[in-house]
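**Q** Below is the structure I would like to discuss, written out as structure tokens.
The values are calculated or read from the model by the stated rules, or taken from the named source; none is laboratory data. None of these values were measured; they are calculated from a predicted model. We place every Cβ from the backbone using ideal geometry, glycine too, and count neighbours over all the protein chains shown. Ligands, DNA and RNA are stripped out before the accessible areas are found, and what is left, the full protein with its side chains, is counted by its heavy atoms. Shrake-Rupley method; radii C 1.70, N 1.55, O 1.52, S 1.80 Å.
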Amino acid sequence: MSEAKRLAAEKAIEYVEPGSIIGVGTGSTVAYFIDALGRMEDRIKGAVSSSDQSSERLRAAGIEVYELNATGPLSLYVDGADECDPHKRLIKGGGAALTREKIIAEASARFICIVDPSKQVDVLGKFPLPVEVIPMARSLVAREILAMTRAQPVWRQDANERGVLTDNGNVILDIHGLAITDPLAMESAINQIPGVVAVGLFARRAADIVIIGGEPPKIL
Ligand code: 5RP
């Protein structure tokens, strides 16, 4: 699938205006996008990044990283996704960067999502839905999610079986076994639970354009 990711990322470059400051997401598809940004002849002015990982890659490509508070609204945000439905609603957060991704998507006039074909689904939820949670609320939020959805929240662990910490110092619960028939309602219900920082459902602010990598790429 890495070839499809690369093709989607390179197609997205066509939407980038030289001299602009754009939002840049996180993940392996976005890594191809950052590499392509670095090769642009007419370069961008800089980027607002959704993770420390992407900031590092952007700087290595010679692209200046800006704080969102310093830039104001952005014209474009490019990011990957873990799942995408036909209405361009997404599950994101497989890379634990969902909160900053939500903030940048909200701040951007246009959100382009770049995916390989395996990310397309009719109903969101096969990919476990990530929720970023304040550490002291982990058990509370897990119990409330279980009661609300009847699906199982699992505390995300790293390879050494230590709880993953986000760039914001919070933990991730992944909700397994969902079939999300009303993404907007679920996004809003999970957001109401005290201790939830963000849920990786992008329904209220869905993508504007989805590029599915292939020869040729498909545009939704
Ligand atoms: C990070 C994300 C990524 O966009 C998502 O996990 C897709 O990653 P990849 O491009 O590596 O398949 O939401 O939090």
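**Q** Which is farthest toward the positive dipole end of the chain among 140, 111, 25, measuring Cα position about the Cα centre, with Cβ charges +1 (Lys, Arg) and -1 (Asp, Glu)?
**A** Value: 140.
**Q** Here is a further query. Viscosity 0.890 mPa s, temperature 25 °C: Stokes-Einstein D of the chain from its Kirkwood Cα radius, in µm² per second?
**A** Roughly 141 µm²/s, to the nearest whole number.
**Q** Turning to a different aspect of this structure: Given +1 on the Cβ of Lys and Arg, -1 on the Cβ of Asp and Glu, and no further charges, what dipole in debye does the chain carry about its Cα centre, rounded to the nearest 20? Numbers along the way, then the final one.
**A** On the way: 24 positive and 29 negative charges, 68 e Å.
So the magnitude is around 320 debye.
**Q** Express the accessible area of segment 129-200 per residue in Å², computed with a 1.4 Å probe while the remaining protein chains stay in the model.
**A** 51
**Q** Also, quick follow-up: Before rounding to the nearest 500, sum -39500 (n - 2.57) across all DSSP H runs of length at least 4 in the chain and divide by the residue total; then give [θ] at 222 nm in deg cm²/dmol. Provide the component values of the computation, followed by the final result.
**A** Details: 7 runs with 67 residues, N = 220.
Value at 222 nm, helices only: -9000 deg cm²/dmol.
**Q** In a shell of Cβ-Cβ distance under 15 Å around residue 204, excluding residue 204 itself, what net charge do Lys and Arg (+1) and Asp and Glu (-1) give?
**A** -1
**Q** Starting from 0 in steps of 10 Å, tell me what percent of the Cα-Cα pairs of segment 53-158 lands in each bin.
**A** Computed distribution, short to long bins: 12, 35, 34, 17, 1.
**Q** Can you give the Rg to Rh ratio of segment 1-129, both from alpha-carbon atoms, with Rh computed by the Kirkwood formula? Intermediate results must be reported in sequence, preceding the final value.
**A** Numbers: Rg = 13.7 Å, Rh = 14.5 Å.
Taking Rg over the Kirkwood Rh, I get 0.94.
**Q** What are the equivalent ellipsoid semi-axes of segment 129-200, built from the alpha-carbon gyration tensor (square roots of five times its eigenvalues), in whole angstrom, biggest first?
**A** On the way: eigenvalues 77, 34, 23 Å².
Rounded to whole Å, the semi-axes are 20, 13, 11.
**Q** Quick check: net charge around residue 50, other residues with Cβ under 15 Å of its Cβ, Lys/Arg +1 and Asp/Glu -1?
**A** Spelling it out: positives minus negatives among the neighbours equals -3.
**Q** For every other residue with a beta carbon closer than 13 angstrom to the beta carbon of residue 170, add +1 if it is Lys or Arg and -1 if Asp or Glu, then tell me the sum. Each step should come with its number before you reach the end.
**A** On the way: positive: 100, 138, 156; negative: 132, 167.
Spelling it out: positives minus negatives among the neighbours equals +1.
**Q** Any idea what the alpha-carbon Rg over 2.2 N^0.38 Å comes to for segment 164-220?
**A** On the way: Rg = 14.9 Å, N = 57, 2.2 N^0.38 = 10.2 Å.
Working it through for segment 164-220, the quotient is 1.46.
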